[in-house]
Every structure is written in C-alpha cells, then in structure tokens.
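Taken together, the values in this text are just the output of simple stated rules run on the coordinates, not laboratory data. Small disclaimer: the values here were computed from a predicted structure and weren't measured. Quick reminder, even Gly has a Cβ in these numbers, built from the backbone with ideal geometry, and neighbours come from all protein chains shown.
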Amino acid sequence: MNRLYEHLSKAAGVDSISPGEDLKIRVDLAVAHDGSGPAVVDRALEVGLGPVFDRDKVLFFFDHCIPAPSVKARENHLKILKFCRQRGIKVYHHGEGVIHQVILEEHRLEPGSILVGADGHVATAGAYGVIAFSAAPAELVEVMRSGVYRTRIPEVVEIDIGGEIRYPTTGRDIAIYILGAFGHGEIRGKAVLLRGSAIEKASLDDRLTIANLVAETGAVTCLVTCDGSPGEAHYTYSFDAGEVPPMVLLPPRSATGERADSTGPSRGPDPVAVPVSEVAGTKVTQVVIGACSAGRLSDLQAVADVLRGRRVADGVTCAVIPASKKVANEADRLGISAAIRDSGAIIVNPGCGACYGAHQGVLASGDVAVSTTTKNAPGRMGEPGAAVYLASPVTAARAALRGMLAVE
C-alpha cells in the first residue's frame, strides 16, 4: 500500500482501501479565507449550522483582500467576523499572511493528518506530509458540522524526481516543469506522490512551492514522501531535476492563437512550459513576486540577492508580497526588505496580493507581467488583454531589472 493510502485508511479507521471507493475520513483541520468565506457563511446560514465540530479545528483567514480594497470586500469581512464570533471560530484578520503559510507557522499538522479547505491550493500542506483536499463551500460546511469529509478514493500517480535542484533552477522551476509536462490531463483527478533524490534534498520551502503548484494540474491532492522507497502507484513518471533549466509558463492561448477565454480552465486550455532562454527578450511592464507559491523567506532572500545595489527598470512596476507577517519581520531583520525597497521594488502587506486580481498590482490591457503566483488565465490578475508569464522569484527579479525576460 502506498503512503497516501496508508494515511487515508488510518483516518477512516479501516484496514485497506481501493480506488473508486467512497470513504469517510476524520478531519484534523477545516479552513476557509475571505475569498471563499462569504459563500461558506451563506451556505452555513442557509442550512442553519450551529456549533462546529471542534472550535480548535476550524479556522478562517483574511488574505485575499486585506485591507479591503472595496466596500463589498469590507462587507464580506464583517459578515465572516460576525459568523465566526458567534461560533467561537478563530479568524486571522490582522495581516498575518496567506492561509497556507500561516497554517504552517501556527497550526502545523503532523504527517498523515487530514486538512480540508475551501481553497484550490491546500495541497501545499502535502510538503510536510499532510493529506489536504480542496472542498466546495457546501462541502466545507458539512465538514465544519461533522468533522468528517466524504471523498472517493483517487488513483495514485507517483512522480520520481531524481538528481538535485541546482541554482539558478529553483523548486518553482521544477513545479512549472511538472505543470507543463503533466498538466494536460495526465494526472487530473488523481492523487500525486512526489519522491526521489531531488525531493529528499530539497528545502521545505522548495517542497512547499512544488506541492502548491501541482494543484494546478487538476490533481486531487499532493503528498511529498521522503522515505526513499516507492509505493504501489497506479502510474509512475520520472525526470531528473538537474536537467531542468529555469522555466516559464507561457500565457495561455487557444488553438487559433487568440488568448483563452477567462471563463475556461484556470491555467488556460494548454499549459506550455518552456525554458526562459526561449522567450528571453520579451519585454515586461509588471513583476509580481511572492504570495502563497513563492513568498517565503528563502524566496525573498533570492530576490534581494538579485536586486541588491541595482535598480528596477524604468517603466516596470515590481511588487513583492511576503507570505506572512513572520516572513516579513524576518526579512526586515536581515536587511532583505531594505535591499528590495532600495531597488525600486514595492513590498506590500503579507497575503495574496495581486494574484486574486483585486488589488495591489492589478493589470491593464496590454500589460505583460512576470509573476510567481499560481494562475495566469486571462483576466485572473486584471484585464483579459494582459499577458502573464509564471516564473520563479529569481527569473522574475531578473525581469524586473532588465525590463524583459532574461536568463541572467
């Protein structure tokens, strides 16, 4: 039995499980944020939700629109606060940071624990051995009531990443490579196990980044396993991290060459990842670095190393988003923040920043952005006429300096 099935069996209190079976599993943490929270609250009020199953195991976070950029956003904050106060639910609403990073810092679960959240990237927690499932608002309300999550057991895909990640390639480049190689349906609806020598040698920050972006393949969940032994997977893929150069995910386009409809899949119909060298020279107008995928301390340090003593190119806006207040404070203490600001880049408050397309760097038609966020569908970060290249913090910082994508 593979490690994922071992954990799920234990959470369900059964000896074994098989793909396609319906399973009820005990939940260790249920979460939502101010992006999904209004729908969660509306559903909870609709069904008359009373006390939650365990007040210590249900959390809400304000990270998408904090401080509120609109009257509607503020109304949503007040609605969530009222609901949670009535039920004794803790809300992180003082700028603590993006949901996944704050969970890691303040509520880190043991390997094998079950996390369910009304968010598309809770699989980030798979980097430290947690089984995390994304849930619709109605599903999360039921979890909040019962402490049980109902799921159908997925098939398991094992991705063995050999070799070692070597700078300037980063964990983010590995994640983009995976999205380009396996984001066309190969692992959609399946659970992903990440293993191999590169994973074992990788830092926790790199593992978090990889697990975070694997969610964009349509995988049900993602689990990092570093025990060195393969499991019983239904499908197996492998590649050598040492052969992966710095990568970018191209702005999505339809088969006719027009930009994809923003109502389509979150990353567009055809995710294409290419080496940065193939698009070097592409001029950019905005750079966004940070948020849930690449806003940790090591990411900010890498950005500062590129920017220190240099200036962001004329005509380029560069926004940097620490993943949490703790990350921001440590960056301040180490002089990282000063190096970034002195370059002409702008550090915004911890959270999701421009990724959600609500504030702190919204794109206009004609903008060309390089971003370390999770999605680049047209309209995700502003006007559909803007183009977004997903890249690593190192590649993004270099683009900010040169005003174009560059290999160094």
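Each residue in Thr317, Thr221, Thr236, Thr374 was given a count of other beta-carbon atoms within 10 angstrom of its own, and listing them fewest first yields Thr236, Thr317, Thr374, Thr221. All distinct Cα pairs of region 247-402 go into the 1/r average, and the inverse of that average, the Kirkwood radius, is 15.3 Å. Contact order, relative form, for region 156-243: 49 percent (alpha carbon pairs under 8 Å, 6 or more residues apart, mean separation divided by residue count). Net length available on complete extension from Asp227 to Asp314 is 26.5 nm, with 0.36 nm assigned per residue and the Cα-Cα distance removed. Relative contact order for region 1-151: 32 percent, from Cα pairs under 8 Å spaced at least 6 residues apart, divided by residue count.
From most to least packed by mean Cβ count within 10 Å, the peptides 142-155, 164-177, 329-342 give 164-177, 142-155, 329-342. Here's the picture: charge each Lys and Arg Cβ at +1 and each Asp and Glu Cβ at -1 in the chain, and of Thr282, Cys352, Ile176 the one pushed furthest to the positive end of that dipole is Cys352.
The magnitude of the dipole of region 247-402, with charges of +1 and -1 set on the Cβ of Lys/Arg and Asp/Glu and taken from the Cα centre, is near 300 debye. Would you mind pulling out the separation of the Cα centroids of region 56-96 and region 107-164, in Å? That distance is 22 Å.
Expressed as a whole percent, the proportion of Cα-Cα pairs in the chain lying more than 29 Å apart is 42%. Once C-alpha pairs closer than 8 Å and six or more residues apart are averaged by separation and normalised to the residue number of the chain, the relative contact order reads 17 percent. If only the Cβ of Lys and Arg carry +1 and only the Cβ of Asp and Glu carry -1, the dipole of the chain around its Cα centre is close to 1100 debye.
Normalised by residue number, the volume inside the convex hull of the Cα atoms of region 96-160 is 113 Å³ per residue.
Along the positive direction of the dipole of the chain (beta-carbon charges: Lys, Arg +1; Asp, Glu -1; about the Cα centre), which of Val407, Pro384, Leu250 reaches farthest? Checking the options against the dipole of the chain, the answer is Pro384. Of Gly335, Val272, Ala304, which is farthest along the charge dipole of region 247-402 in the positive direction, counting Lys and Arg as +1 and Asp and Glu as -1 at C-beta? The residue sitting farthest along the positive end of the dipole is Gly335.
Rg/Rh, computed from the Cα trace of region 1-71 with Rh as the Kirkwood radius, has the value 1.12.
Assuming R0 = 22 Å, can you tell me the calculated FRET efficiency for the pair Arg152 and Lys10, based on Cβ-Cβ distance, to the nearest 0.05? Working from the Cβ atoms, E equals 0.75. Put simply, region 156-243 fits an ellipsoid with semi-axes of 18, 15, 11 Å; these come from the alpha carbon gyration tensor as the roots of five times its eigenvalues, largest first. Modelled label positions at Glu383 and Val362, each set 7 Å beyond Cα in the direction of Cβ, lie 1.2 nm from each other.
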